[in-house]
Amino acid sequence: MAVRTVPGEASVALPEAGEKLFAPSAARNLEPIADLLALIAPQPDGAGGPRPRALEIASGTGQHIVGFARRCPQLEWHPTDVDPARLASINAYSADSADSGCNNIAPARQLDATEERWPEDLAAFDLVILCNLLHLISTPEAKALIRGAADHLAPGGRFVIYGPFMRAGELTSDGDRAFHAKLSSHDPEVGYKDDFDVMDWLQASGLEMVEVIEMPANNLALVARR
């Protein structure tokens with residue numbers, strides 16, 4: 001994935017104590033996303049087998065993965081990111097959560113999810129979650145990411161994409177129109193993706209759409225299943 005900067009109006013990570021970074025948007029949207037995941041997350045098989053595995057693409061600061069792991073303790077969570085500073089932040093948050101008894105987060109792994117082929121040693125996952133990234137990458141990168149996620153989704157597994165979208169080709173709020181314009185003027189390759197286009201890309205990757213969920217702040221969650 002090309003290293004991209006974002007305009008000042010976009011949410012960015014702020015330095016916290018030590019290696020931790022803090023993103024205000026992640027703090028705001030954590031609870032509604034975690035509520036959704038708690039409803040759709042897989043459960044253990046009841047036969048004493050391993051925990052179901054969950055992958056977060058582009059985990060960013062690490063705030064989300066800790067909240068998700070606490071809300072869905074039955075899952076083994078695997079955070080990833082492409083940026084070394086964010087990997088360090090993720091592990092710092094995870095270490096604090098482990099000290100408080102949350103021990104279901106694996107060490108953060110470097111992953112460029114927009115590569116055509118993901119690492120061969122990356123196993124299948126029962127749940128894959130992506131938050132607030134599609135509008136910050138190009139259309140070819142978004143398509144490659146979706147193909148990679150689909151290839152690493154276990155049978156019956158679910159892929160959740162959360163963020164802002166065009167709705168049938170239209171931007172539906174003044175805030176979305178202004179933000180999309182700012183993103184596109186800053187980098188013509190990025191900007192809001194259309195919800196129907198993304199659903200087409202999911203289906204072209206072999207996934208079945210399950211539902212489209214309205215989320216706070218005019219965001220959507222697209223849920224697909226292998």
Please give the peptides 20-33, 94-107 ranked by average Cβ packing (other Cβ atoms within 10 Å per residue), highest first, as a rough proxy for protection.
-> 20-33, 94-107
Extension gain from Ala17 to Asp187, taking 0.36 nm per residue of separation minus the Cα-Cα distance = 58.1 nm
Label region 101-209 by shape, choosing from rounded, prolate and oblate, from the square roots a ≥ b ≥ c of the eigenvalues of the Cα gyration tensor; if a/c is under 1.5 it is rounded, and otherwise prolate applies when a/b is larger than b/c, oblate when it is not.
-> prolate
Spin-label zone in region 200-226 - amide nitrogen under 14 Å from a point set 7 Å from the Cα of Asp151 along the C-beta vector = 205-206
Considering only protein heavy atoms and a 1.4 Å probe, what is the carbon-and-sulfur percentage of the accessible area of the chain?
-> 53 percent
Label model pair Arg167, Asp45: point-to-point distance (7 angstrom along the Cα→beta-carbon line) in nm is 4.2 nm
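Quick one: accessible area per residue over the chain, 1.4 Å probe, rounded to a whole number of Å²?
On a per-residue basis, 46 Å².
How much length, in nm to one decimal, is gained on full extension between Leu122 and Glu214, taken as 0.36 nm per residue of separation minus their Cα-Cα distance?
Here the answer is 30.0 nm.
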For region 178-226, rounded, prolate or oblate, judged on the Cα gyration tensor with a ≥ b ≥ c (square roots of eigenvalues), a/c < 1.5 rounded, else prolate if a/b > b/c?
-> oblate
Lysines near Lys193 by alpha-carbon distance under 18 Å, same-chain residues fewer than 8 away left out - which ones?
-> Lys143, Lys182
Here, Asp174 and Gln74, labelled 7 Å along Cα→Cβ, have an inter-label distance in nm of 4.5 nm
Output for region 139-226: GluC sites (Glu not before Pro) sitting in coil per DSSP, at most 15 other Cβ within 10 Å, listed by number, reads Glu189
Can you give the FRET efficiency for Asp194 and Asp99, using 1/(1 + (r/R0)^6), R0 = 41 Å, r = Cβ-Cβ distance, to the nearest 0.05?
-> 0.40
Under a 5 Å amide H to amide H cut-off, with H placed in plane at 1.01 Å, what residues pair with Asp194 once short-range neighbours are removed?
-> Met166
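The values are calculated or read from the model by the stated rules, or taken from the named source; none is laboratory data. No experiment lies behind these values; they were computed from the predicted model shown. Counting neighbours? That spans all protein chains shown, and the Cβs are built from the backbone with ideal geometry, glycine included. Surface accessibility is based on the protein's heavy atoms, side chains included, excluding ligands, DNA and RNA. Shrake-Rupley method; radii C 1.70, N 1.55, O 1.52, S 1.80 Å.
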